[in-house]
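Peer 1: Before anything else, here's the structure in question.
The values are calculated or read from the model by the stated rules, or taken from the named source; none is laboratory data. All of these numbers come straight from a predicted model, not from anything done at the bench. We place every Cβ from the backbone using ideal geometry, glycine too, and count neighbours over all the protein chains shown.
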């Protein structure tokens, strides 16, 4: 049903947007979930990184003003991120980045199974299954929605 699909995708969008507040404003919060992170702003404070906010705002603005007819050649979000990265590197802005990209995916420290333990497996099993189930449900809902459109 359409209301279920709308509610599900809106909920995911809200969770993703709230999870990106730290990145947009250049702040650091504490906590393991969205509620804890939002409430940590009261204790930690909310010192905004102006460069991060301007860059994030420009990316969002660029995505909205980008002509729709050009979207087939290059998505607005991709172009906005490329331009923002170029501006950040050109002007040496104090914006946090992901970090150094590894040159290879095959590395001895990534493939080392010496630290494997069943307690570590138990810690990641429930979140991994939850993510897999959410992905499955979203795929089924999208498929059902697309089936009705045809």
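Peer 1: So, of the residues in segment 1-24 that are closer than 23 Å to residue 144 by Cα and surrounded by 13 or more Cβ atoms within 10 Å (Cβ to Cβ), which turns out to be modelled with the lowest pLDDT?
Peer 2: My answer is 5.
Peer 1: Against the definition (outside the structural domain of residue 138 (by TED's automatic domain parsing) and free of Cβ contacts under 8 Å to residues at least 24 places away in the same chain), how does residue 62 come out, yes or no? Walk me through how you get there before you give the answer.
Peer 2: Values: outside the structural domain of residue 138 (by TED's automatic domain parsing): yes; free of Cβ contacts under 8 Å to residues at least 24 places away in the same chain: yes.
In short, yes.
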